[in-house]
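I have placed the structure first, in the form of structure tokens, so that the comments after it can refer back to it.
Where a number appears in this text, it was derived from the coordinates with a stated rule and is not lab data. Not measured: the values here are computed from a predicted model. Note: ideal-geometry Cβ built from the backbone for every residue, glycine included; neighbour counts use all protein chains shown.
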Amino acid sequence: MQLLEAETLCMLFHENAALCSEVTERVVQHCVHCIETDGRHMQYLKFLQTIVKSENTYIRKCQDMVMSEVRRDTHTHTLIYLVLRSGDCVYYSYAMPC
């Protein structure tokens, strides 16, 4: 997934709960892998944020997949990103496993 592809996916999935609920674990894994290999680009994080909430409803399946994937310690220097939404501001924080 390239940055422009991530932006395009955000536009396609934005406020489309039916499409968001069809996201597979493989898509989430790929996006998290891109964050690990390409860096903390907002486009990847925005995609993850887009699929977990649509039409003012949180999609539990996607939330579970994203949290499961970011908590998975498959690499020694895996970064875990937590996306928290507060009003119009998005805060990103990360933690590195010891």
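With the simple spin-label model, which puts each label point 7 Å out from Cα in the Cβ direction, the LYS61 to ALA17 separation comes to 1.3 nm.
Placing dummy labels 7 Å off each Cα toward the beta-carbon, the span from LEU3 to ARG40 is 1.6 nm. Taking Cβ atoms as reference points and 13 Å as the exclusive limit, the residues near LEU4 contribute a net charge of -2, counting Lys and Arg as +1 and Asp and Glu as -1. The residues packed around LEU19, meaning those with a beta-carbon under 15 Å from its beta-carbon, carry a net charge of -1 if Lys and Arg are +1 and Asp and Glu are -1.
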